[in-house]
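Below: the structure, in structure tokens.
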Number of protein chains: 2
Amino acid sequence: MKTLLVSIVVAASSVGMLAQQNVGFKSSSVVSPIVNSDNSITFQVEAPKAKSVIVKGDWEAEEGIGTLKKGKDGIWSYTTPALPSEMYTYRVNVDGVIGIDPTNPFSCRDVGSIFSLIYVNNGCADYYQVKDVPHGTMSTTWYHSNEVNLDRRLTIYTPPCYEKSDRSYPVLYLLHGSGGDETAWAELGRVARIMDNLIAEGKAEPMIVVMPNGNSSKQASPGETSENLSYKPLMTNMIPDSYKNGKYEKAFPEIVNFVDSRYKTIPAKDKRALAGLSMGGMHTLFISATYPDMFGYIGLFSAGVNFSTVDMTLPIYSDLDGKLANQSKAGYQLYWIACGNTDFLYQNNKDLMSRMDKVGLKYTYHESTRGHLWVNWRQYLLEFSQKLFK
Amino acid sequence: MKTLLVSIVVAASSVGMLAQQNVGFKSSSVVSPIVNSDNSITFQVEAPKAKSVIVKGDWEAEEGIGTLKKGKDGIWSYTTPALPSEMYTYRVNVDGVIGIDPTNPFSCRDVGSIFSLIYVNNGCADYYQVKDVPHGTMSTTWYHSNEVNLDRRLTIYTPPCYEKSDRSYPVLYLLHGSGGDETAWAELGRVARIMDNLIAEGKAEPMIVVMPNGNSSKQASPGETSENLSYKPLMTNMIPDSYKNGKYEKAFPEIVNFVDSRYKTIPAKDKRALAGLSMGGMHTLFISATYPDMFGYIGLFSAGVNFSTVDMTLPIYSDLDGKLANQSKAGYQLYWIACGNTDFLYQNNKDLMSRMDKVGLKYTYHESTRGHLWVNWRQYLLEFSQKLFK
């Protein structure tokens, strides 16, 4: 019996027991990354044959670039300086081949690239992770857009107890940037974790969060449309036409109507918020200005308000000053603008605020450090969501 | 104005416009993988400094191993033989460093490793992808287990029109294997796509699919519990105790009760199915035998029925023959057993069927080629789900 058991274990080791037989699960003695007690991170890569190993991430210290040094055992390593609490994403470059950290099982897609991820705790990153609190439900579901005659996918967060409760909830509509899609805020933006944790602490009102897809020519994110893998996520230098032909902004009430009909919402302006990052900030600007009676809270996060790239003669984009004046007259609870002081859209956002000043539209401005990064967008959500529906 | 635009484009190129400034999105002229017209796949990796590049995947030809050859331009390439239609997962080994395909943006996690993925069309893989059909909703939500006093996460598929309809639906409970979790059937098992497509063709009844987490010591998958990234997914040689202490199986009615209270189900034995792969097949065996009035349809997919690794004196596992006799007497619509003819659990499944023969429990046996692979489990789901609730 013991012999039988031993031979089973040996057989199992060779095939990866109860796992795929054909694709080896390589085990390694290397553990990477490791967050040290001083909040530095150590990266290790086993690559005995490599000539060069570099890590590149979205932390600020040393511009997010670390050159690993080779140890005697063929294991390369590098330790960052102490880092502020954050969720960091990074990739590893081994002799010019860029990939994820081979021993880190946690990853996320940002546009067309897969990144490894790691948290430095004891600060804002605590809100991006799971605490021992009640959890909401995350769903992907589909609405029909008459404007483009397509079923289109949405990601929806409903707060803890939503299903059991008789009450109705306010709604935050949260828009992604160029190259993103309806999965971006959920994965990179850590929406479920941020909302669960803020609601548990009583810092945010329980709310529904709706994350639509801002590319009006597509039904859903890459891999989730009938084009399947032939629709590849790509970061282009200019915003694609399908993000700025005005169809998405014009048809936005379709999404609001769908959400109000499907979910237990409070269908009132002062119980609706709209916010977006980068291109989604541009969408937010024009949607909220075009429909001034729809949203009581507006958030522009590093908004893509470089209008030289947009056909400003389209009805949705034209007469912005007039629309903003109108929106100011219609009133709202909060117009919140946030930008990083090294963002390449910093001056565009300054210019927009001058324009708002001229037409008398009141806003609250929050300036952070750093640039056009998810690090900032998560922090903006953390701040903005606490100001809503109170 | 033109000068301004040009300078914007140049600036944008250098920072990845409207994307993260700090983490470069490297673009490459290489496209990989490419599915050729004869259903072979060509893999290409740009690695001018590498000495060796190998691809390892879960296709059968050449044992899923391909040695890439270096071209003059530093681009390595390899083309498989023509492959049957499937979703294939693979990894690339560059000089001993194993990672995903650097230019393939599509990946999935299997236990503790990230794999690149690709489809060969015109066969079963068509069912694993998105067609132009109505889509159901996928959710992750939480139930409370009194047995282990934890909130635990479930993945739930509800069929198209579920939300609009007044009718109630049958439920398939679908269990993962050792090292898997409540995300495995959704991601690797392509449940939403298989169900959407079969329902659209009228080949499967509209049904709810519930995918629980079979590790009774954990609330959810790695990264989704309050242990966060310190709970790493791992494939071990033996099934961990928390998968086979009987708590999950004993407490399974908690999940059924939760689903019946939350969703529009038909709470009847002949409208409930239970199936599982590998360790989930073992769970299915014991849950359905312990609660013979709960499930009318039972599916064992490459079931982990090597009982030498389990404490068979625990009440949930003891007297299996008596329980099976009892289950036979209680009756059911279908008891379906599937296994690959090179699966390392093949003989264990044969032994189980002999045991069932002795106690008079009737089953239908489906034998496929190949081994302990998602390739088989997706195909078993495709077949099994068409037999349910008719």
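The values are calculated or read from the model by the stated rules, or taken from the named source; none is laboratory data. All values derive from a computational prediction rather than experimental measurement. Note that we place each Cβ from the backbone using ideal geometry, even for glycine, and neighbour counts take in every protein chain shown.
Which ones in region A:258-274 are over 11 Å from A:Gly296 (Cα atoms) and in contact with a Phe, Trp or Tyr (Cβ under 9 Å, 6 or more places away or on another chain)?
So the first thing to find is which residues in region A:258-274 are over 11 Å from A:Gly296 (Cα atoms), and the list is A:258-267.
Listed by number, the residues that qualify are A:Phe258, A:Val259, A:Arg262, A:Tyr263, A:Lys264, A:Thr265, A:Ile266.
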### Query
Somewhere in region B:314-321, is a residue charged (D, E, K, R) and at positive phi?
yes
When restricted to A:Val55, A:Val148, the only residue touching a Leu at 6+ places or on another chain (Cβ under 9 Å) and more than 8 Å from every other protein chain (Cβ to nearest Cβ) is A:Val55
Residue count, region A:336-355, condition under 14 Å from A:Ile298 (Cα atoms) and buried (at least 22 other Cβ atoms within 10 Å of the Cβ), comes to 2
Within region A:53-70, the residues that are out of contact with any Lys or Arg (no Cβ under 8 Å at 6 or more places or on another chain) and part of a loop (DSSP other than H, G, I, E, B) are A:Asp58, A:Trp59, A:Leu68
B:Cys108 vs (1) on the phi < 0 side of the Ramachandran plot; (2) more than 7 Å from chain A (Cβ to nearest Cβ); (3) touching a residue at least 60 places away in the same chain (Cβ under 8 Å); (4) not in a strand (DSSP E or B): all pass except (4)
Here the residues within region A:81-97 that are surrounded by fewer than 20 Cβ atoms within 10 Å (Cβ to Cβ) and at the interface with another protein chain (Cβ under 7 Å from one of its Cβ atoms) are A:Asp95, A:Gly96
| request: Consider B:Lys232 carefully, then state whether it is touching a residue at least 12 places away in the same chain (Cβ under 8 Å), surrounded by fewer than 17 Cβ atoms within 10 Å (Cβ to Cβ), in the same structural domain as B:Glu163 (by TED's automatic domain parsing) and basic (Lys, Arg). | output: yes
Filtering region B:103-159 down to residues that are of a type in the set (Val, Ile, Thr), over 21 Å from the mean Cα position of the chain (by Cα) and assigned by TED's automatic domain parsing to the domain that holds B:Met195 yields B:Val133, B:Val148
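Hey, can you tell me all the residues within region A:119-133 that are at the interface with chain B (Cβ under 7 Å from one of its Cβ atoms) and not aromatic (Phe, Trp, Tyr)? Even if it seems obvious, please write down each step before you answer.
We begin by selecting, within region A:119-133, every residue at the interface with chain B (Cβ under 7 Å from one of its Cβ atoms); these are A:119, A:129-132.
If the condition is that a residue be at the interface with chain B (Cβ under 7 Å from one of its Cβ atoms) and not aromatic (Phe, Trp, Tyr), then A:Gln129, A:Val130, A:Lys131, A:Asp132 are the ones that fit.
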Note on region A:144-168: residues surrounded by fewer than 21 Cβ atoms within 10 Å (Cβ to Cβ) and under 26 Å from B:Tyr263 (Cβ atoms) are A:His144, A:Asp151, A:Pro160, A:Cys161, A:Tyr162, A:Glu163, A:Lys164, A:Ser165, A:Asp166, A:Arg167, A:Ser168
